[in-house]
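These notes are about the structure you will find just below.
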Amino acid sequence: MEHCKEDEHIVVQASAGTGKTKVMVDRIMYLMHTVPDLHMSDIYMITFTNDATNQMNQRLQDALMARFRL
């Protein structure tokens with residue numbers, strides 16, 4: 001799913017603990033790698049709780065830091 005075309009919108013809907021956050025972080029990392037001039041402000045993700053937002057934000061920050069450490 002994270003490798004869908006960059007101009008396609010995707011919806012990730014599943015129960016808790018199934019990897020939704022990982023899919024969304026992988027999608028962002030894929031887009032950042034394949035779409036020239038992509039800015040983080042061009043990406044919109046919607047969650048339903050503050051906890052989910054904080055977790056997604058932290059995982060994205062971790063993924064970005066790991067990428068730039070390489």
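Is it the case, given these coordinates, that Asp37 is among the charged types (D, E, K, R), at pLDDT 90 or above and surrounded by 10 or more Cβ atoms within 10 Å (Cβ to Cβ)? So Asp37 fails the test. Exactly one residue among Ala52, Ala66 is modelled with pLDDT of 90 or more and of a type in the set (A, V, I, L, M, F, W, C), and that residue is Ala66.
A Cβ distance below 8 Å, combined with a sequence gap of six or more or placement on separate chains, defines the contacts here; from segment 56-69, residues that are within 12 Å of Asp26 (Cα to Cα) reach residues that are open to solvent by 80 Å² or more (accessible area, probe 1.4 Å) and part of a helix (DSSP H, G or I) in the pairs Arg59/Lys22.
The residue that is modelled with the highest pLDDT, among those in segment 8-27 that are of a type in the set (Val, Ile, Thr) and not in a helix (DSSP H, G or I), is Thr18.
The values are calculated or read from the model by the stated rules, or taken from the named source; none is laboratory data. Quick caveat: nothing in here was measured; it's all calculated off a predicted structure. Counting neighbours? That spans all protein chains shown, and the Cβs are built from the backbone with ideal geometry, glycine included. In case anyone asks, the SASA skips ligands and DNA or RNA and just uses the protein heavy atoms, side chains included. Shrake-Rupley method; radii C 1.70, N 1.55, O 1.52, S 1.80 Å.
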